[in-house]
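**Q** Let me begin by handing over the structure; questions about it come next.
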């Protein structure tokens with residue numbers, strides 16, 4: 001009797017129970033939306049990091065972890081005016097654990113977004129620093145207690161030196177350059193002359209060639225067997241950056257989910273950037289537009305210091321540097337490089 005009563009009660013309530021099919025379908029749709037949103041966040045953050053790596057040829061390790069979800073969840077208007085991104089290539093840590101900047105690149109995006117200007121700042125340029133007097137520019141990275149503080153110290157010095165606002169930046173190392181290069185199937189570089197590696201004794205012929213990851217890292221490290229030493233290394237970093245940008249455009253990396261997935265696997269977890277005030281999508285859009293045209297690479301005009309000038313290193317060229325810095329501040333690098341073609345690094 002009790003069983004019959006229970007069956008009757010359940011039968012009366014069954015009609016009030018909502019069907020499970022639509023509920024389950026709604027749950028599945030919500031899960032898919034969340035997964036797609038997480039993937040979009042990862043892809044957007046990695047795309048910016050890959051663009052940054054393309055500009056300098058290194059893999060980022062600091063200055064501060066990006067809170068990608070927060071940055072992307074709050075859209076910011078597209079930045080207007082010229083933008084300047086500071087990219088630091090860090091060498092190996094010294095005995096005390098500190099690092100110095102091996103390469104220093106200021107990427108200038110003009111207000112018209114016509115192209116990128118890759119401005120190399122010599123690491124041995126003697127600069128004035130607050131509280132430390134005169135020292136080489138690359139020492140600033142080691143001035144802080146860690147890479148974050150070192151980046152901020154270098155950013156301040158570069159801003160004071162150039163007179164421009166630094167809108168974003170990153171610190172990079174050679175650690176994952178090999179993997180990034182191999183992930184895109186090698187990077188084309190056009191060398192003006194042969195290079196014999198001081199480290200591996202391998203010889204790279206003059207002319208255009210596609211380098212795999214190991215070869216690219218080897219070339220980027222060279223300065224001892226180069227006619228202009230560290231200045232030639234800076235020029236080769238610009239050539240690598242141009243080649244990587246070309247390879248990314250060729251493969252449509254930023255719109256290729258499969259290749260982006262590979263790059264995420266290779267460098268995603270170790271890539272962090274300092275985006276400053278602009279959001280990640282805004283910076284990516286600005287850099288992506290300018291990157292559709294081959295960049296112009298130019299070095300800050302410097303001269304070799306004399307043995308009497310301590311510390312020994314490069315000084316600003318009194319004839320060319322003032323005009324160059326004025327063109328950088330007033331967003332006229334296109335005019336300046338056109339008027340001084342010998343100062344432009346040949347990329348092809």
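Where a number appears in this text, it was derived from the coordinates with a stated rule and is not lab data. All of these numbers come straight from a predicted model, not from anything done at the bench. Every residue, glycine as well, gets a Cβ built from its backbone with ideal geometry; the counts of neighbours run over all protein chains shown.
**Q** Stretched out fully, how many nm does the piece from residue 348 to residue 227 gain, at 0.36 nm a residue minus the Cα gap?
**A** On the way: separation 121, 0.36 × 121 = 43.56 nm, distance 1.91 nm.
Full extension of this stretch gives 41.7 nm more.
**Q** Beta carbons within 10 angstrom, averaged per residue: use that to sort the peptides 190-203, 237-250, 126-139, highest first.
**A** Working: 190-203: 13.0, 237-250: 22.8, 126-139: 16.0.
Those peptides, ordered most packed to least, come out 237-250, 126-139, 190-203.
**Q** Computed FRET efficiency, Cβ-Cβ of residue 303 and residue 159, R0 22 Å: what is it to the nearest 0.05?
**A** Numbers: r = 23 Å, r/R0 = 1.03.
So, using R0 = 22 Å, E works out to roughly 0.45.
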